[in-house]
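Read the structure below first, then the notes.
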Amino acid sequence: MAVDQLAAGQLDQPIPHTDLNNETGDLARAIAKLQTESQQLERQRWIKAHTAQLQVDLQQAETPDELAQVVLQHMASLHGICQGVLYSAHEETAKLLLMGRYATDAERPPEAQVMFGDGLLGQCAVDRQPRQFQTLPENFWRLRSPLGEIPASCLLLQPIVHGERLLGVLELAGLEPLSERELLLLHEANPRLAAAMAIMERNEAVKSLLAETRRQANEVAEQALQLEEQAQALETQQSALRARQQSGGHGDPRWRWPSNLLQPAVRESVRDPSG
């Protein structure tokens, strides 16, 4: 019966008679060993399948918000996880900035930013150590829905590290602690999330640089247009000035000598013909 259950994929069924010191006990222990190996293989298969799907979804995320939603939705699929937040780390300002959230309470929204060392989340950013708290006090945190509310019983904090750099902190709340295979999945997902966040960070930096380059190019183009308009206006003024100079100022009152200056000179020439 135990062998049939194992063959049917029921890997958690207890194996009886493993304590007997006879052939039945030997067979039971052999079946138990086969069961353990099958459980390990199934756990590895499950972790690889979820990790591969997470990798695909992370690669399709185009914005930091989409990236956060991908991670949090995958984590929420784990047994017992009901809420989550993902913060990005900015070591130059010693701040964690909210990157995304999942199923959080509108009446008690997560903080938009958290200083390094502030509370459990901020302390996780400082020491970069994962933490899982079980059997939380009843009023520590409550999970709410339109149908009611229930106290969270576990809290998990996971730093996201890429090489020597802290990129963020993941916080998950749920009704029961993660199982061994779920913790292993989180361990396998961590470097993939870190790599995706590092790539997203570089992409956002490139986008900012391109936007700044376009802004500067637009400013230069606008300044060039203004200079061109000024040059055209100056050329028009110079053309008009040259035209007046070539015509000797005839017909233009601005180029006529005042009559009160010309008359004394005429009278002087009449009195002195030799001049």
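Tabulated data
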{"item": "Selection status of A243, modelled with pLDDT of 55 or more and within 60 Å of the chain's Cα centre (by Cα)", "result": "no"}
{"item": "Any chance L170 is touching a residue at least 60 places away in the same chain (Cβ under 8 Å), farther than 16 Å from Q69 by Cα and over 11 Å from the mean Cα position of the chain (by Cα)", "result": "no"}
{"item": "Residue in the stretch 37-47 that is in a helix (DSSP H, G or I), modelled with pLDDT under 90 and hydrophobic (A, V, I, L, M, F, W, C) present", "result": "yes"}
{"item": "Total residues in the stretch 114-163, condition assigned to a strand (DSSP E or B), hydrophobic (A, V, I, L, M, F, W, C) and within 16 Å of C82 (Cα to Cα)", "result": "7"}
{"item": "Residue that is nearest to L157 (Cα to Cα), among those in the stretch 89-108 that are assigned to a loop (DSSP other than H, G, I, E, B) and not small (G, A, S)", "result": "T104"}
{"item": "Test: residue in the stretch 140-156 that is touching a Cys at 6+ places or on another chain (Cβ under 7 Å) and within 14 Å of L96 (Cβ to Cβ)", "result": "no"}
{"item": "Conditions (1) in contact (Cβ under 8 Å) with a residue 40 or more places away in the chain; (2) more than 19 Å from the chain's Cα centre (by Cα); (3) closer than 19 Å to G174 by Cβ: number failed by T51", "result": "(3)"}
{"item": "Residue identified as within 30 Å of R144 (Cβ to Cβ) and surrounded by 14 or more Cβ atoms within 10 Å (Cβ to Cβ) among Q55, Q35, Q73", "result": "Q73"}
{"item": "Residue match in the stretch 112-126 (condition: in contact with a Ser or Thr (Cβ under 8 Å, 6 or more places away or on another chain) and either farther than 26 Å from E176 by Cβ or loosely packed, with under 15 Cβ neighbours inside 10 Å (or both))", "result": "no"}
{"item": "Among residues of the stretch 78-126, those that are over 17 Å from the mean Cα position of the chain (by Cα) and more than 29 Å from L184 (Cβ to Cβ), counted", "result": "8"}
{"item": "Selected residue (only one of E182, E111, E171, E201 is assigned to a helix (DSSP H, G or I), closer than 13 Å to S88 by Cα and not hydrophobic (A, V, I, L, M, F, W, C))", "result": "E201"}
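The values are calculated or read from the model by the stated rules, or taken from the named source; none is laboratory data. A quick note: this is a predicted structure, and the numbers were derived from the prediction, not measured. All Cβ positions, even for glycine, are placed from backbone atoms using ideal geometry, and neighbour counts span all protein chains on display.
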